[in-house]
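Chemist: One structure, as structure tokens, below. Some questions next.
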Amino acid sequence: MKTIEKIIACMLLLFSVGFNLWLYRAEPTTLIDPNDNAFQFALVARTNEIWEFANRTCPKTVLFPVCHISYLIDHWVPNWAQGYNLPYYYSHVPQIVLVGSYRLLSPFIGSTLSLFGYYHLNIYLLLSLFPLSVFLSFRILKFPWLTAGIAALFASQISTDGLYGIDQSSFLWRGWGLSSQLFALFWFPLAIASVIRWTKDGSKKSYILSVLFLTLTTMGHLGIGMMTFMAIPVICFTQSAILVFEKQKRRQIVESLVQGVRQTVFLAVPPLLLLSYWIVPAFLQNNFHNISVWDPVWKFNSFGAKESVTMFVNGTLFDFGRFPLLTVLICIGAFAALFSDFSHLTFLFLLYLVLFFGRTTWGGILNIIPGMSEFHQHRFIVGIHLAGLFLAPIGITWIIEKLSKFKFVRPVAYLCISVFVYLVLIQPIISYASYNTTLIGQANATYRQKKESFDQLLETLRELEQTRPGRVYALRGTEGKAFEIASTPYYMQLSTYGIPTVLWLPETWSMNSDTEQFFVEDNPRHYALFNIRYIVAPPSKKPQMFWKLLKETGDWNLYEAETDGYIGAGTAPAIIGGSKTTLVNLIHFWIQSDYPKQFIFPELSMNNRFTASSLPQFRMTDPVTYVTPDGLVHSLVGEPPRYENPSAIPKNAPLTILSQSNDTDMRFTTRVEVASPCPTCVVVLKQTFHPNWTVRVNGKPTKTSIVFPFYVGVRLDLPGTYDITFSYTPPVTKLLLLVAALVGSCIVFFRYVKKK
């Protein structure tokens, strides 16, 4: 009987994976992305570019590996929002693994598979193989083979109205393209299962698997990693909760609570130490991680208790567009699990559902949890979906166990009921994926027709970048969306291949994300302010008077605008204190004023305190209010600040940029001449400020400052000629934490092997 059950379970698993491979077969054939995968592949391509940069610049000594790794885990991404060091805050291991494995396989695959194709092949395989992850998770928990087979069958059958969960709309070409989430998702169920298993058997093997899968999940996606870490105390304290409900002796409850604390610490600490090189610096430098006014409020606040429960009950969370059979099975499974050895899963489902209520219900109390103050609460849908995938097979198992009196009937009952449920669930999945295949075919056909023209544009911009580097404006808003190639706007497609673009926000973490949106197309000074040198527009668009035509085709026209490059000069005659949530209106007023025309770049102080300086200063207390050193409160709207008497500011500062160059947007060099003493003179690098930008003036390290709108500045006050180098450099603390984590892991591993 056991053999028959194993065979049926393996058949269900093979069918689930095989059907996914067939259903999603168009995914690896895509030639262009219309969704978040454009952003994700751009990070992969940038990692590949940095790999070459590190090969070229790292010293060929024993420190070469450390230097090389440091650049891969922390580098500058210039593609959007005046540049940002995304790997410093965002998941970067998937990109490194993809690029590293692609380079390793290149001698064998040659030119038959591009990096873009290899990236999409990996997405396709991860999506198709997800049932294997769920199947193995059930076997880790020692569920019956047939239950594991049913779990594999249901793993890809969630249907929602695009809620960013585990359903196919999150990952397919016509959906959201959340491939970063997918890299974590494969390990998520394995992490939950291993943690539950360890709390039951306490074995060394289960513990190692728990730490491994927790680490891999968090490496793939920090948000899903946080959800996994939140599951740890719930799992570890489940037994304590049961003892309380059963009104057991106080001594037993206390002992269970102590055990829960010990287990939580043992599970959480090792992954946190392994990833400390990433997590600790990200939290320490959170002040330079923007909270955008352009992000919809519902993402931060989610839907609230009433709406969330309604969405679950009516099937919107699991059964959109079909009878809510999966929802019913989840409810049955939650009841059955609650009175079994796997009550952890019921509590997990309730945890994620309660967190999914978001700030709409809980307000600021969620900020007690580290990292929750800026977390998109609606993303807890992923946790709800995963817990549901555990509960639904338990629900079917419970039904069959209750209905089947004879053991030999059960395999047949499992198979028949599973097939029936599958047929009920599968129709909207097939419909969505089938239309996805059609759309990919249409987009590919259109792209092939336009590819030669687009490649010509890309080659032209890259050639111009060598001599006159600058950002590209490919229109904005509805106008930009209408200017497209195969359903993908030009600004998206250009940025995907490393062209620095403006006015598209695939990420809003850069402190220039919001203020960049105040760019005005017919204002020549704004092109210089943001170093927008090139304009790509359809032939039908009427150009601005100051656009110089460089090249025209039937698909696009390329123009050039006057700008002083990535490095400019001006004065910083005042200091303004503020925080990342109080500056957007102030900078908006500054951009609209004449100050940028006068090359006035006030300095910003992010500690929100008055500094010891003789320069005029004030600090923002909220987005519309500022306070002067005399304690008087002023309204930004009623009393726009004056940084200095305009008549006292020289029309042109006695500072001249003689030359400038750029190496991979990681190193900018310039020669500057200061003609006369200038206490307020400042050289400005038009990249988003971050403390990791280091500056050397005539070879000596020099202090940097933040200047409007949020650029890197360095003050020069004495006459002379200066050679200045701006370099993006991973901080020493990050390298030390990384080396410590790697060395510590190796020591623990070898000690474990030696004991075995």
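The values are calculated or read from the model by the stated rules, or taken from the named source; none is laboratory data. This one's a predicted model, so the numbers in the text were calculated from it and none came from an experiment. Cβ coordinates were reconstructed from backbone atoms using ideal geometry, including for glycine residues, and neighbour counts include every protein chain displayed. For the accessible areas, the whole protein counts, side chains as well, though only heavy atoms, and no ligand, DNA or RNA atoms are used. Shrake-Rupley method; radii C 1.70, N 1.55, O 1.52, S 1.80 Å.
Chemist: What about GLU507, is it surrounded by 18 or more Cβ atoms within 10 Å (Cβ to Cβ), acidic (Asp, Glu) and part of a helix (DSSP H, G or I)?
Modeler: Answer is no for this residue.
Chemist: Right, next: Since THR264 meets every condition but one in (1) over 21 Å from ALA741 (Cα atoms); (2) open to solvent by 20 Å² or more (accessible area, probe 1.4 Å), which condition does it not meet?
Modeler: Failing condition for THR264: (1).
Chemist: Given the conditions (1) on the phi > 0 side of the Ramachandran plot; (2) free of Cβ contacts under 8 Å to residues at least 60 places away in the same chain, which single one is not true for ALA81?
Modeler: (2) is the only condition that ALA81 fails.
Let's see how each residue does on (1) under 30 Å from TYR435 (Cα atoms); (2) modelled with pLDDT under 95; (3) part of a loop (DSSP other than H, G, I, E, B); (4) touching a Lys or Arg at 6+ places or on another chain (Cβ under 8 Å):
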site: LEU31; (1), (2), (3), (4): yes, no, yes, yes
site: ALA54; (1), (2), (3), (4): no, no, no, no
site: TYR71; (1), (2), (3), (4): no, no, no, no
site: ALA81; (1), (2), (3), (4): no, no, yes, no
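Chemist: Do you know which of the residues in segment 356-371 that are in contact (Cβ under 8 Å) with a residue 12 or more places away in the chain and not small (Gly, Ala, Ser) is least open to solvent (accessible area, probe 1.4 Å)?
Modeler: Top of the filtered list is PHE356.
Chemist: Search segment 704-728 for residues being more than 24 Å from HIS75 (Cβ to Cβ) and either touching a helix residue (DSSP H, G or I) at 6+ places or on another chain (Cβ under 7 Å) or basic (Lys, Arg) (or both), and hand back the single one that is surrounded by the most Cβ atoms within 10 Å (Cβ to Cβ).
Modeler: Filtering first and then ranking leaves PHE708.
Chemist: Right, something else. Is there a residue being touching a residue at least 12 places away in the same chain (Cβ under 8 Å), under 23 Å from GLN168 (Cβ atoms) and open to solvent by 20 Å² or more (accessible area, probe 1.4 Å) anywhere in segment 377-391?
Modeler: Looking through segment 377-391, at least one residue is touching a residue at least 12 places away in the same chain (Cβ under 8 Å), under 23 Å from GLN168 (Cβ atoms) and open to solvent by 20 Å² or more (accessible area, probe 1.4 Å).
Chemist: I would also like to ask the following. Quickly run through segment 353-371 and pick out the residues that are in contact with a helix residue (DSSP H, G or I) (Cβ under 6 Å, 6 or more places away or on another chain) and either farther than 20 Å from ILE381 by Cβ or among the acidic types (Asp, Glu) (or both).
Modeler: ASN367
Table: residues versus (1) of a type in the set (S, T, N, Q); (2) over 18 Å from ILE600 (Cβ atoms).
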| position | (1), (2) |
| --- | --- |
| GLU516 | no, yes |
| HIS526 | no, no |
| LEU529 | no, no |
| SER540 | yes, yes |
| LYS548 | no, yes |
| TYR559 | no, yes |
| GLY565 | no, yes |
| THR571 | yes, no |
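Chemist: Can you tell me which residue within segment 92-125, out of those that are of a type outside the set (A, V, I, L, M) and under 30 Å from ILE532 (Cβ atoms), is most open to solvent (accessible area, probe 1.4 Å)? Outline the logic, then answer.
Modeler: Filtering segment 92-125 down to residues of a type outside the set (A, V, I, L, M) leaves 92, 94-95, 100-103, 106-108, 110-112, 114, 116-120, 122, 124.
Those left that are additionally under 30 Å from ILE532 (Cβ atoms): 92, 95, 114, 116, 119.
Working: HIS92: 7, GLN95: 12, SER114: 62, PHE116: 22, TYR119: 2 Å².
Among residues in segment 92-125 that are of a type outside the set (A, V, I, L, M) and under 30 Å from ILE532 (Cβ atoms), the one most open to solvent (accessible area, probe 1.4 Å) is SER114.
Chemist: Report the residue count in segment 143-159 for those that are crowded, with 24+ Cβ neighbours inside 10 Å and assigned to a loop (DSSP other than H, G, I, E, B).
Modeler: 4
Chemist: Related question: Please state which one of ILE158, ILE150, ILE140, ILE166 is within 18 Å of the chain's Cα centre (by Cα) and of a type in the set (Val, Ile, Thr).
Modeler: Details: ILE158 fails: within 18 Å of the chain's Cα centre (by Cα); ILE150 fails: within 18 Å of the chain's Cα centre (by Cα); ILE140 fails: within 18 Å of the chain's Cα centre (by Cα).
Of ILE158, ILE150, ILE140, ILE166, the one residue that is within 18 Å of the chain's Cα centre (by Cα) and of a type in the set (Val, Ile, Thr) is ILE166.
Chemist: Shifting gears a bit: Tell me which of these ILE600 doesn't satisfy, since it passes every other one: (1) free of Cβ contacts under 8 Å to residues at least 40 places away in the same chain; (2) more than 31 Å from the chain's Cα centre (by Cα).
Modeler: If we test ILE600 against (1) free of Cβ contacts under 8 Å to residues at least 40 places away in the same chain; (2) more than 31 Å from the chain's Cα centre (by Cα), just (1) comes out false.
Chemist: How many residues does segment 271-297 hold that are surrounded by 16 or more Cβ atoms within 10 Å (Cβ to Cβ) and of a type in the set (Phe, Trp, Tyr)?
Modeler: Final tally of qualifying residues: 3.
Chemist: State whether one or more residues within segment 126-142 are among the charged types (D, E, K, R), out of contact with any Gly (no Cβ under 6 Å at 6 or more places or on another chain) and buried (at least 23 other Cβ atoms within 10 Å of the Cβ).
Modeler: Scanning segment 126-142 turns up no residue that is among the charged types (D, E, K, R), out of contact with any Gly (no Cβ under 6 Å at 6 or more places or on another chain) and buried (at least 23 other Cβ atoms within 10 Å of the Cβ).
Chemist: MET219 versus (1) open to solvent by less than 20 Å² (accessible area, probe 1.4 Å); (2) within 13 Å of LEU275 (Cβ to Cβ): which is the lone unmet condition?
Modeler: Condition not satisfied by MET219: (1).
Chemist: Of all residues in segment 518-542, which are touching a His at 6+ places or on another chain (Cβ under 9 Å) and assigned to a helix (DSSP H, G or I)? It would help to see each step written out before you state the result.
Modeler: We begin by selecting, within segment 518-542, every residue touching a His at 6+ places or on another chain (Cβ under 9 Å); these are 518-520, 532.
Within segment 518-542, PHE518 is the sole residue that qualifies.
Chemist: Which one is nearest to PHE375 (Cα to Cα) among residues in segment 223-253 that are among the hydrophobic types (A, V, I, L, M, F, W, C) and open to solvent by 50 Å² or more (accessible area, probe 1.4 Å)?
Modeler: The extreme case among them is PHE237.
Chemist: I want to confirm something. Restricting to segment 169-197 and keeping residues that are open to solvent by 30 Å² or more (accessible area, probe 1.4 Å) and outside any loop (DSSP other than H, G, I, E, B), which single residue is farthest from GLU374 (Cα to Cα)?
Modeler: Ranking the qualifying residues of segment 169-197, first place goes to ARG197.
Chemist: While we're here: Mind listing just one residue for me: the one in segment 603-621 that is under 31 Å from the mean Cα position of the chain (by Cα) and open to solvent by less than 30 Å² (accessible area, probe 1.4 Å) and, of those, farthest from ASN512 (Cα to Cα)?
Modeler: Selected residue: MET620.
Chemist: Kindly evaluate PHE339 against the criterion of being open to solvent by 10 Å² or more (accessible area, probe 1.4 Å), modelled with pLDDT of 95 or more and more than 30 Å from TRP509 (Cβ to Cβ).
Modeler: no
Chemist: Could you check TYR164 against (1) in contact with a Phe, Trp or Tyr (Cβ under 8 Å, 6 or more places away or on another chain); (2) within 21 Å of SER434 (Cβ to Cβ) and say which number it fails?
Modeler: For TYR164, the failing item is (2).
Chemist: Filter segment 548-579 for residues that are part of a loop (DSSP other than H, G, I, E, B) and of a type in the set (D, E, K, R); which is most open to solvent (accessible area, probe 1.4 Å)? Show your work before the answer.
Modeler: Going through segment 548-579, the residues part of a loop (DSSP other than H, G, I, E, B) turn out to be 553-556, 561-566, 572-574, 578-579.
Of the ones still in play, those that are also of a type in the set (D, E, K, R) are 555, 562, 564.
Values: ASP555: 44, GLU562: 159, ASP564: 60 Å².
Ranking the qualifying residues of segment 548-579, first place goes to GLU562.
Chemist: What number goes with the only condition from (1) touching a residue at least 24 places away in the same chain (Cβ under 8 Å); (2) assigned to a helix (DSSP H, G or I); (3) under 24 Å from LEU136 (Cβ atoms) that ILE400 does not pass?
Modeler: Result: ILE400 fails condition (1) only.
Chemist: Open to solvent by 10 Å² or more (accessible area, probe 1.4 Å) and within 22 Å of PHE454 (Cβ to Cβ) - does that describe any residue in segment 59-69?
Modeler: Taking every residue of segment 59-69 in turn, none turns out to be open to solvent by 10 Å² or more (accessible area, probe 1.4 Å) and within 22 Å of PHE454 (Cβ to Cβ).
Chemist: Within segment 111-136, can you find the residues that are under 14 Å from LEU43 (Cβ atoms) and either free of Cβ contacts under 8 Å to residues at least 60 places away in the same chain or of a type in the set (Val, Ile, Thr) (or both)?
Modeler: Within segment 111-136, ASN122, ILE123 meet the criteria.
Chemist: Looking at (1) open to solvent by 40 Å² or more (accessible area, probe 1.4 Å); (2) modelled with pLDDT of 95 or more, which one does TYR24 not meet, given that it meets all the others?
Modeler: Just one mismatch for TYR24, condition (1).
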